[in-house]
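Nothing in this text is a laboratory measurement; each read-out follows from the coordinates by a stated rule. What you see is a predicted model; the values in this text were computed from it and never measured. Ideal geometry is used to build each Cβ from the backbone, glycine not excepted, and the neighbour counts take in all protein chains shown.
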Amino acid sequence: MQILIPFYSLYGHTYALARAVASGVEKAGGVPKLRFAEETLPPEVLEKMNAPAPEIRGAQLPSPTPDEMAASAGIIFGCPTRFGGMPAQMRAFLDRCGGLWVTRALSGKVGGSFVSTNTQHGGQETTHFAFHTFMLHHDMLISGAGFSHPSLSDIKEVNGGSPYGAGVIAREGVMPAACELEQAAMLGEKITCIAFKLAL
């Protein structure tokens, strides 16, 4: 059961979530395929933005393809937020999927999303909604996180995530908290379990 995890990460936070999502997919018996949305920024701009090495961001991984989307039982998208929406790198990949819409290749597949923001109110939910819009146009089935993890109801500690999907508050020099990684793993496990049930 292949679960595709197309993501983009600039500083490594979203990549950390992607790896946690993949661990949840594996726990449920699925085969995760991590794919890095093709970079659109030139190297000199990345350098000025203090972007870390490719292996910290996940940029060493292959780019996703529409064919891989069609061949997967589930798709879990991930990216940081840019002004309440997804970054150009992820948008550019999704814009290449028109052929999948024409052929209805994603119809009935289960999908979800994970995101990161620099602040608590930086647009995590609206970025999830942007992915939901894409998935609905492709007739996919959407699964969020619900309130399955206790940290989603915990207001004592700053953490990302919502009923719409996993998330991280991306603090400089600080990788995702343990509860944020647990949320992401639970999302991967949940979507994989749903994919298995849909295959029956």
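Annotations
- Summed over all non-identical Cα pairs, the Kirkwood treatment of the stretch 141-200 gives a radius of 12.2 Å.
- Within the chain, the whole DSSP H helices whose Cα atoms reach 15 Å or more along their own axis and whose mean Kyte-Doolittle score is at least 0.5 are 178-199.
- Cross-link check: pairs Lys33/Lys197; Lys33/Lys109; Lys27/Lys156; Lys27/Lys190 evaluated at a Cα-Cα cut-off of 18 Å; pairs beyond the cut-off: Lys33/Lys197; Lys27/Lys156.
- Here is the size of the stretch 63-175 from its Cα atoms: Rg then Dmax, 14.7, 47 Å.
- Dipole of the chain, positive direction: furthest Cα of Leu41, Leu100, Gly24, with charges on the beta-carbon: Leu100
- Placing unit charges on each Cβ (+1 for Lys and Arg, -1 for Asp and Glu) gives the stretch 2-199 a dipole about its Cα centre, and among Gly84, Pro163, Ala177 the Cα reaching farthest toward its positive end belongs to Pro163.
- Given R0 = 25 Å, the distance between the Cβ atoms of Ala88 and Glu55 translates into a calculated FRET efficiency of 0.65.
- For the chain: relative contact order, % (alpha-carbon pairs under 8 angstrom, 6 or more apart): 28 percent
- With both residues required to sit in the stretch 2-199, DSSP beta bridges show an antiparallel share near 10%.
- From the alpha carbon centroid of the stretch 36-87 to that of the stretch 119-160 is 19 Å.
- Prolate/oblate/rounded label for the stretch 2-199 (Cα gyration tensor, a/c 1.5): oblate
- Cα-centre dipole for the stretch 61-200 with unit charges at Cβ (Lys and Arg positive, Asp and Glu negative), debye to 20: 260 debye
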